[in-house]
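The values are calculated or read from the model by the stated rules, or taken from the named source; none is laboratory data. It should be emphasised that the depicted structure is a prediction, and the values quoted were computed from it without experimental measurement. Backbone-built Cβ (ideal geometry, glycine too); neighbour counts: all protein chains shown.
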Ligand SMILES: Cc1cc2nc3c(=O)[nH]c(=O)nc-3n(C[C@H](O)[C@H](O)[C@H](O)COP(=O)(O)OP(=O)(O)OC[C@H]3O[C@@H](n4cnc5c(N)ncnc54)[C@H](O)[C@@H]3O)c2cc1C
Ligand code: FES
Ligand code: FES
C-alpha cells in the first residue's frame, strides 16, 4: 500500500506535461514524472519516493510511438518514444541489438510495462538499454525549460542522463542505417537466474572501422568507452584491443553482493577478446553478429502506435484523477465501476474493492509473480501498476480461468502447490499457451521464470503445462 495520496495527471502533449510540473513546483508541491511505473510504484510503497503530483508521460503520442518519420524534430531518423515498453521494443525490432538488450532485462511480464525511457532515467544504475543506445550513436530528445532539445546521448549521459529541473526524456533518434548495418557482439552474464541483474553485460559494436564499447554491471554505473575508438582501431590484435577497455574498467570495477570485482573482470576479459576476435573478421566471413533488420523493414514501422504498450491509455484525452475517483474496468469479462484512489495499486483494488483475491501480494516488488494478472490479454504484475492505469481496459485474474484446460491440467498433474504462487503460475501459463500453443522447453523456461517457487519446484507445473498443451491439441 502507498501511504500517501497524490494527484495523477495524464497530459497529452509535452508542453502540458512540463506545465503541470512547473505549476506543481510553483504551488510548493512535489511533482514526479511517471513512465512504466515499475520503479515509482515500488519506491512510493516503500516510502523512499514521495510525490504530490504524478505526471504520466504515456498520454503523449510521440512518447509511445516508434518509426521513421515520427520524431518531433527530424524527418528521416528512426524515432523510439521513451514510453515504449521493452516487450513492445523486442517485438517491433526483432533481430536487432536493441531488441536483444531489452530481452535480457527482467522477465517478460515486467517488460510488458517497464519502458525504455524509465530504464534510462530510473535510479537503478544498471540502465542496460543505454548499452545499445550509446554504442549505436543514439541522440536523445528532451523537453523542458528550453522546449524541445536534441543532443547526442553520449554528451548528456554520464553515469546517468543529465536532466535540468523539470526536463524529461521524450525519446531517442537513431540513424536507421546504424541499427540495420552495425555489427555487434553482446554477452550478458548473471549470477543466479536468467532474469537476475547482470554482473557483466558487454556490448561491442563495429561500424566501418569504428568500434564502440559499453559495459554494465562491472562498475557502479554504465561505462561507455566514448574516447576509446581511435585507440581500438590503432591496435592490431583482439587481445590488445580487449586490454584497452579492460585496463580502464579494472580501475572502476566494484565488488557487490553478486560477484567480486576480480570475477567480473575475468569474465569481461574473456568476453572482450571474443568480441574483438569476431568483429575483427572481415564482414564476409559472417563472424560477429550482424543485424537481423533491413532499412526497408524499419521504414514500414512509420506511424506505428505502440498497441503493445500494455499500460498506455487508450484514449488520447487528457486525464486527471484525484481523491476518491471512479474507474471502469472489465474484470473477467464483466464491466465494473470501482471507487479508487490514484495511489492504490491494481493488486490492492482487485483484491479489496473488486473482491478478486486470486492475485496475491507476495514481494510487491515485481520479483515473485504471485500478483500476475492479464491486462488486455498480456501478463503483468499487478503490484507494479496503479489501478487508475487500468481505466477502460480489460483485466483477467485467475478467477477467470475456472474450468479451463490449464486449471484441469494443474489439478491432474499436481501443479497446484501452495496457495501463494499457484494463481500467478496459472495466469502466466495460460497466457504462454495462448501466445505459444506449442511452447517448447526454452519458451517455458523463459515464461515461467517470471514466477518464483522457492520451496516445491517446477516439475508439477511443467507436467501440467505439457498436459494442457496436449489437451488443447486434442
Ligand atoms: C522486477 C524488476 C527487474 C528489473 N531488472 C532490471 C535489469 O535487469 N536491468 C536493468 O537495467 N534494470 C532493471 N530494472 C530496473 C528498471 O529498468 C528501472 O527501475 C526503470 O526505471 C523502470 O522503468 P519504468 O518505465 O517502470 O520507470 P518508472 O518507474 O516510471 O520511472 C523510474 C524513474 O525514472 C523517472 N522517469 C521515467 N521516465 C522518465 C522520462 N521520460 N523523463 C524523465 N524522467 C523519467 C521517473 O520520474 C522515476 O524517477 C528492473 C526493475 C524491476 C521492477
Ligand atoms: S511480483 Fe507482485 S507481488 Fe511479487
Ligand atoms: S512458493 Fe508456492 S509451492 Fe513453492
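Observations
- Residue 225 being buried (at least 18 other Cβ atoms within 10 Å of the Cβ) and assigned by TED's automatic domain parsing to the domain that holds residue 297: no
- Filter result for residue 447 (surrounded by 19 or more Cβ atoms within 10 Å (Cβ to Cβ), within 16 Å of ligand 1 (Cβ to nearest atom), within 23 Å of the chain's Cα centre (by Cα) and part of a helix (DSSP H, G or I)): yes
- Subset of the range 149-190 (residues that are in contact with a helix residue (DSSP H, G or I) (Cβ under 9 Å, 6 or more places away or on another chain) and closer than 21 Å to residue 275 by Cα): 179, 180, 181, 182, 183, 184, 185, 186, 187, 188, 189
- All conditions in (1) surrounded by fewer than 23 Cβ atoms within 10 Å (Cβ to Cβ); (2) within 30 Å of residue 94 (Cβ to Cβ) hold for residue 50, with the sole exception of (2).
- Within the range 121-133, the residues that satisfy the criterion of being surrounded by fewer than 24 Cβ atoms within 10 Å (Cβ to Cβ) and either out of contact with any helix residue (DSSP H, G or I) (no Cβ under 8 Å at 6 or more places or on another chain) or not in a loop (DSSP other than H, G, I, E, B) (or both) are 121, 125, 126.
- Scanning the range 400-434 for residues that are in contact (Cβ under 8 Å) with a residue 12 or more places away in the chain, away from ligand 3 (no atom under 16 Å from the Cβ) and not in a helix (DSSP H, G or I) gives a single hit, 404.
- Tabulated pairs, the range 444-465, first within 24 Å of residue 378 (Cα to Cα), second surrounded by fewer than 16 Cβ atoms within 10 Å (Cβ to Cβ), C-beta under 6 angstrom, 6+ apart or interchain: 449/194; 460/414
- Any hit, the range 87-95, residues being over 30 Å from residue 28 (Cα atoms), in contact with a strand residue (DSSP E or B) (Cβ under 7 Å, 6 or more places away or on another chain) and not in a loop (DSSP other than H, G, I, E, B): yes
- Residue match in the range 144-153 (condition: buried (at least 24 other Cβ atoms within 10 Å of the Cβ) and more than 20 Å from residue 219 (Cα to Cα)): no
- Here residue 378 qualifies as surrounded by fewer than 24 Cβ atoms within 10 Å (Cβ to Cβ), within 16 Å of ligand 1 (Cβ to nearest atom) and on the phi < 0 side of the Ramachandran plot.
- Within the range 412-424, tally of residues that are farther than 11 Å from residue 358 by Cβ and more than 12 Å from ligand 2 (Cβ to nearest atom): 7
- Test: residue 439 is closer than 19 Å to residue 193 by Cβ, under 23 Å from the mean Cα position of the chain (by Cα), within 16 Å of ligand 3 (Cβ to nearest atom) and at pLDDT 95 or above: no
- Hits in the range 179-198 (condition: out of contact with any strand residue (DSSP E or B) (no Cβ under 7 Å at 6 or more places or on another chain) and either surrounded by 23 or more Cβ atoms within 10 Å (Cβ to Cβ) or closer than 19 Å to residue 139 by Cα (or both)): 180
- Among the residues of the range 449-474, those that are within 21 Å of residue 112 (Cα to Cα) and in contact with a helix residue (DSSP H, G or I) (Cβ under 7 Å, 6 or more places away or on another chain) comprise 450, 451.
- Positions within the range 210-231 being in contact with a strand residue (DSSP E or B) (Cβ under 7 Å, 6 or more places away or on another chain) and in a strand (DSSP E or B), in sequence order: 211, 212, 213, 214, 215, 216, 223, 224
- Top-ranked residue in the range 1-20 [being in a loop (DSSP other than H, G, I, E, B) and closer than 20 Å to residue 44 by Cα; ranked as modelled with the lowest pLDDT]: 1
- Residues that are more than 16 Å from ligand 3 (Cβ to nearest atom) and out of contact with any helix residue (DSSP H, G or I) (no Cβ under 8 Å at 6 or more places or on another chain), drawn from the range 362-399: 376, 388, 391, 392, 393, 394, 399
- Checking each residue in the range 366-387 for being near ligand 2 (Cβ under 6 Å from one of its atoms) and over 15 Å from residue 453 (Cα atoms) picks out 381, 383.
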